[in-house]
Amino acid sequence: MLEDCALVRDLVAAKGYDTRATTLACYGGAGFTEELRASAASDASLRLVGLDEIYGIG
C-alpha cells in the first residue's frame with residue numbers, strides 16, 4: 001500500500017510537479033501493521049488515519 005502511494009507521488013514528480021511537501025495518507029478501518037506504524041513514526045511525510053480520527057472517536 002505505501003509503496004503504491006510513493007510510486008504515484010514519484011510519477012507525478014517525474015511529470016514536473018513539485019511533490020516535496022506531499023504527505024502520503026493511509027486510511028484504515030482495521031488498523032495498521034507494526035511496520036507501517038514504525039514507518040509513520042520516523043517519516044513526517046506519512047500520515048496514518050484510523051477510524052478513531054475519521055469519526056472523532058476517542
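The values are calculated or read from the model by the stated rules, or taken from the named source; none is laboratory data. Bear in mind that the values here come from a model prediction, so they are computed numbers and not experimental data. Don't worry about glycine lacking a Cβ; one is built from the backbone with ideal geometry, like all the others, and counts go over all protein chains shown. Side chains are part of the model used for accessible areas, which takes the heavy atoms of the whole protein and leaves out ligands, DNA and RNA. Shrake-Rupley method; radii C 1.70, N 1.55, O 1.52, S 1.80 Å.
Quick notes on this structure:
- Of all accessible heavy-atom area on the chain, the percent that carbon and sulfur account for (1.4 Å): 55
- Accessible area per residue for the chain, computed on protein heavy atoms with a 1.4 Å probe, is 77 Å².
- For the chain: relative contact order, % (alpha-carbon pairs under 8 angstrom, 6 or more apart): 31
- Seen against the Cα atoms of the chain and their longest principal axis, helix 2-14 is set at about 30 degrees.
- Correct option for Cα extents along the principal axes in Å [calculated from the coordinates] among (i) 28, 27, 14; (ii) 41, 22, 17; (iii) 42, 16, 9: (ii)
- Computed over the chain, the per-residue total of -39500 (n - 2.57) for DSSP H runs of n ≥ 4 gives a 222 nm mean residue ellipticity of -12500 deg cm²/dmol, rounded to 500.
- For the chain, applying the loop criterion from DSSP together with a ceiling of 11 other beta carbons within 10 Å to the trypsin sites (Lys or Arg not before Pro) yields K15, R20.
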